[in-house]
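Heads up: the structure comes next, in structure tokens.
Nothing in this text is a laboratory measurement; each read-out follows from the coordinates by a stated rule. If you're wondering where the values come from, they're calculated on a predicted model, not measured in any experiment. Every residue, glycine among them, receives a Cβ derived from its backbone with ideal geometry; neighbour counts consider all protein chains shown.
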Amino acid sequence: MATTNRAVENGQPDRKPPALPRPIRNLEVKFTKIFINNEWHESKSGKKFATCNPSTREQICEVEEGDKPDVDKAVEAAQVAFQRGSPWRRLDAPSRGRLLHQLADLVERDRATLAMTTSCASPGMSPLVSVGPSLHGTSPC
């Protein structure tokens, strides 16, 4: 039974689970490269791996397989991005906050697509499980 402070008897918040996302049909894969320093790159090794639909086992696409040199390149780019004088460090806190809120809005807007296309949507996991909790600050992944 709910109380006036929106808690139920067992101490859990009184909220409805989010609606199940609709299945995504014929999703166009636009990006299969590695994203480093705001640019798309092929892997240093040239290796790729197949990504398959877990329910049909049909191959969706091939994506670049990152190895140690790719990770090193990404770490170096991240370190440069946080050095004094970098564009990110020159942004004031309210501007950074606005950018992070915009990112959160985009993730929330596209949560069904993300739930159906990321590793959280593993075989046997309900899309409700993969999309629902992440909207409230927790994720089963």
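Before moving on, here are some points about what is shown:
- Here the spin labels are modelled as points 7 Å beyond Cα on the Cα-Cβ line, and at Asn26 and Trp40 they lie 2.1 nm apart.
- FRET efficiency, Glu108 to Val75 (Cβ-Cβ, R0 30 Å, nearest 0.05): 0.55
- Loop GluC sites (Glu not before Pro), segment 38-72 (other Cβ atoms within 10 Å of the site Cβ: 16 or fewer; DSSP): Glu42, Glu58, Glu65
- Integer Hz, Karplus 6.51/-1.76/1.60 couplings in order for segment 32-47, x for Gly and Pro: 10, 9, 8, 9, 9, 6, 6, 9, 8, 10, 7, 5, 4, 7, x, 6
- Förster-model FRET efficiency, 41 Å R0, Ser95 and Thr51, C-beta, rounded to 0.05: 0.70
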